[in-house]
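Read through the structure below, which is laid out as structure tokens, and then see the notes.
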Amino acid sequence: QVRLAESGGGLVQAGGSLRLSCVGSGRTFSTYAMGWFRQAPGKEREFVATISWTGRNTYYTDSVKGRFTISRDNAKNTVYLQMNSLKPEDTAVYYCAAKGGSPSAQSADFGSWGQGTQVTVSS
């Protein structure tokens, strides 16, 4: 398993931008597919984006396509989530997660999770 730590959350007005970072421990970070998930109050955790270990393959939930970009820098053991044109409905705790093998939109496929970072979008 890999230890993960998110940062970059905060309070932003609608239409604004934030970049989340997730740093992983260990020399095997580059072998993991990574994902971002979010959980709003009173709701289940939902998939946001996922990226292959090479960074060449990315997938997004429909509600963030064209606004969010997932990327990674394996030399820095870091995965990013650039969030633009933020909306109040993007308010949630955002989690990064790691899994072996291919990218996935299923949270149950991920074995390592960070502690989460709060994103709040005001209207």
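Do any GluC sites (Glu not before Pro) in the range 42-123 lie in a DSSP loop with no more than 12 other beta carbon atoms within 10 Å, and if so, which?
Passing sites in the range 42-123 are GLU44.
Given a 1.4 Å probe and every protein chain left where it sits, what share in percent of the accessible area of the chain is carbon and sulfur?
On the way: 2840 of 6270 Å².
Accessible surface attributable to carbon and sulfur in the chain totals 45 percent.
Dipole magnitude of the range 1-68 about its Cα centre, charges +1 at Lys/Arg Cβ and -1 at Asp/Glu Cβ only, in debye to the nearest 20?
Its charge dipole is roughly 140 debye.
Using only alpha-carbon positions, what ratio does the radius of gyration of the chain give when scaled by 2.2 N^0.38 Å?
0.97
Starting from the Cα of LYS76, draw a straight line to each of the aspartates and glutamates and keep only those under 18 Å, dropping any in the same chain fewer than 8 residues away.
GLU6
For the chain, what's the relative contact order in percent, using C-alpha pairs closer than 8 Å and at least 6 residues apart?
37 percent
Have a look at the DSSP beta bridges in the chain and tell me what percent are antiparallel, nearest 5.
Working: 36 of 40 bridges.
Antiparallel: roughly 90 percent of the beta bridges in the chain.
If the cut-off is a Cα-Cα distance under 27 Å, which lysines reach LYS87, setting aside same-chain residues fewer than 8 apart in sequence?
Within the straight-line limit of under 27 Å, LYS87 reaches these lysines: LYS43, LYS65.
Would you mind getting me the FRET efficiency between LYS76 and LYS43? Use the beta-carbon distance for r and R0 = 35 Å, nearest 0.05.
Values: r = 32 Å, r/R0 = 0.91.
Efficiency, from the Cβ-Cβ distance: 0.65.
Using the Cα centre of the chain as origin and beta-carbon charges of +1 (Lys, Arg) and -1 (Asp, Glu), tell me which of ASN77, ALA14, GLY114 is placed farthest towards the positive end of the dipole.
With unit charges placed on the Cβ atoms, the residue in question is ASN77.
Rounded to the nearest 20 Debye, what is the dipole magnitude of the chain about its Cα centre when Lys and Arg each give +1 and Asp and Glu each give -1 at the C-beta? Intermediate results must be reported in sequence, preceding the final value.
Numbers: 13 positive and 8 negative charges, 60 e Å.
That gives the chain a dipole magnitude of about 280 debye.
The values are calculated or read from the model by the stated rules, or taken from the named source; none is laboratory data. Bear in mind the structure is a predicted one, so any value in this text is a computation, not a measurement. Because the Cβ atoms are built from the backbone with ideal geometry, glycine has one as well, and the counts that use them run over all protein chains shown. For accessibility, only protein heavy atoms count, side chains too; no ligands or nucleic acids. Shrake-Rupley method; radii C 1.70, N 1.55, O 1.52, S 1.80 Å.
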